[in-house]
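The values are calculated or read from the model by the stated rules, or taken from the named source; none is laboratory data. Bear in mind the structure is a predicted one, so any value in this text is a computation, not a measurement. When we count neighbours, we look across all protein chains shown, and the Cβ atoms used for this are built from the backbone with ideal geometry, even at glycine. For the accessible areas, the whole protein counts, side chains as well, though only heavy atoms, and no ligand, DNA or RNA atoms are used. Shrake-Rupley method; radii C 1.70, N 1.55, O 1.52, S 1.80 Å.
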Amino acid sequence: PERDPAFRGDITAYFAHMERLSRTLCRALAVGLGEEEGFFDPLFLKHTSYLRINHYALCPNPVSADFPLHSPDAETEGYLAINRHTDAGVLTVLRQRHDEPHSLQVFISDDADKDHESRDGQWVVVRPHPGAFTINMGDMMQV
């Protein structure tokens, strides 16, 4: 914003730090998968990373913890801040505040062989730890 000239520089520096962290994580993932450390490096020479700054307000009527995986009827079942989704990229680095309401949830299920709409399981709140990032594995890493 024009009112804060340092903002652009701060965000650009933060993005560069997150890019380095992401590359480090990908190298660790490669080793964990039995590959050479630099296995994923060529895939990220022309990446499409981006930085989002989101704030999700506390939901006044969230869905229950045992809510099934389909999209809810807001009038009768409550709300999801963002409808269920997977992250399309390789990984997502999230900075969640540990001292604010926690809204990120993951759906835990043993029904990996079923389609998304018919899986049984439960939504679990991801509770952040002070000073730690939350890392989501994206669709590209699962391929």
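Rounded to the nearest 10 Å², what accessible area does residue 77 have for a 1.4 Å probe in the complete protein model?
In the full protein context, residue 77 sits at about 60 Å².
Starting from the 7 Å offset along Cα-to-Cβ, what nm value, one decimal, do you get for the label separation of residue 139 and residue 55?
3.0
Under 10 Å, Cα contacts only: if you run a Gaussian network model on the chain, which one of 32, 89, 78 comes out with the highest mean-square fluctuation?
32
Determine ³J(HN,Hα), in whole Hz, for all residues of the range 12-23 in sequence, where each value follows from phi through the Karplus function 6.51 cos²θ - 1.76 cosθ + 1.60 and θ = phi - 60°; x replaces Gly and Pro.
The phi angles translate into 4, 5, 4, 4, 4, 5, 5, 5, 5, 4, 4, 5 Hz.
Over the chain, what is the mean sequence separation of C-alpha contacts under 8 Å (at least six apart), divided by residue count, expressed as relative contact order in percent?
Contact order relative to length: 21 percent.
Does a label point 7 Å from the Cα of residue 47, set along Cα-to-beta-carbon, have any residues of the range 1-22 with amide nitrogen under 13 Å, and which are they?
15-22, by backbone N distance to the label point.
If you take Cα extents along the principal axes in Å from the coordinates, which of (i) 48, 45, 27; (ii) 73, 45, 26; (iii) 46, 38, 23 do you get?
Matching the structure shown: (i).
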